[in-house]
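The values are calculated or read from the model by the stated rules, or taken from the named source; none is laboratory data. Since we're looking at a predicted model, the values are computed, not measured. Cβ sites come from the backbone with ideal geometry, for glycine too, and all protein chains shown count toward neighbours. Note: accessible area is taken over every heavy atom of the protein model, side chains too, but ligands, DNA and RNA are not part of it. Shrake-Rupley method; radii C 1.70, N 1.55, O 1.52, S 1.80 Å.
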Amino acid sequence: MKTNIAVLVSGGGTNLQALMDAQQRGGLGGGEITAVISTREDAYALQRARSAGIPGYVVPRKAYPDSRSMTIAMVDKLRELKIQLVVLAGCMVIFTRELTDAYPNAVINVHPALIPSFCGKGFYGLHVHEAALGYGVKLSGATVHFVSEECDGGPIIAQKAVPVEEDDTPETLQRRIMEQAEWQLLPQAVSLFCQGRLRVEGRRVIIKEGEKQHECV
């Protein structure tokens with residue numbers, strides 16, 4: 001059975017592009033991106049969706065007085081579109097519990113650091129990489145996780161480390177993490193979900209593979 005996927009975006013849509021490329025290769029495990037929903041009318045991600053023939057919608061954050069009312073509107077749109085999996089791909093909105101109540105363990109986010117480092121409120125975009133470089137870490141990376149009420153605090157599906165180079169800027173580190181981690185991990189996690197191979201036990205995400213099971217690390 002096909003899994004209807006909505007990708008939520010706010011900006012350029014590079015992770016959306018990685019998902020659409022994977023879909024074109026048949027790499028989403030039976031899932032299909034049936035909607036791209038932006039929180040901004042001018043997001044370039046909407047143009048990417050149009051070019052791929054995927055319906056695009058806007059639920060603008062600025063049209064709502066607070067995060068809760070915006071989240072309720074988003075949930076209404078997702079239900080209207082019969083969405084079964086929600087993927088946050090560069091969506092710069094912190095949603096309230098109404099989203100995870102409506103889609104328990106069915107909202108996936110990608111974060112450009114190795115959670116629990118450099119995550120939570122205020123850690124987004126280049127701010128994450130500025131913080132990593134400022135701290136002097138030798139490894140950074142990306143994390144794909146289920147979304148919970150706590151910002152960047154849901155169960156981790158997959159992580160990948162990426163080396164930090166001596167001459168890195170926030171921009172070069174951001175690009176390396178996208179290319180070497182985010183664009184690989186996110187489609188893989190979506191595929192596993194759509195194949196029904198993810199099970200959440202407390203804070204652990206277990207990947208089921210045939211008769212064997214192993215924890216995704």
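Data table
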item	result
Average accessible area per residue (Å²) across the stretch 85-158 - probe 1.4 Å, nucleic acids and ligands excluded	41
Percent carbon-and-sulfur accessible area, the chain, ignoring ligands, DNA and RNA, probe 1.4 Å	49
Approximate shape of the chain as ellipsoid semi-axes (Cα gyration tensor, √5λ), whole Å, largest first	24, 21, 17
Exposure rank, largest accessible area first [Arg25, Arg176, Arg204; 1.4 Å]	Arg25, Arg204, Arg176
Furthest towards positive pole of dipole, Gly202, Gln184, Thr169, structure part the stretch 167-207, Cβ charges	Gly202
log10 of Debye I(q)/I(0), alpha-carbon scatterers only, for the stretch 167-207 at 0.21, 0.24 Å⁻¹	-0.71, -0.78
222 nm mean residue ellipticity, helices alone, for the chain (DSSP H n ≥ 4; -39,500 (n - 2.57); rounded to 500)	-9500 deg cm²/dmol
At least 18 Å along the helix axis (C-alpha) and Kyte average at least -1.0, DSSP helices within the chain	67-80
Peptides ranked, highest mean first, by Cβ atoms within 10 Å: ranges 110-116, 164-170, 3-9, 122-128	3-9, 110-116, 122-128, 164-170
Glu165-Ile94 pseudo-label distance in nm [points 7 Å out on the Cα-to-Cβ vector]	3.4
Vicinal HN-Hα couplings computed from phi for the stretch 101-106 (Karplus, 6.51 cos²θ - 1.76 cosθ + 1.60; Hz; Gly/Pro x)	5, 6, 10, x, 6, 9
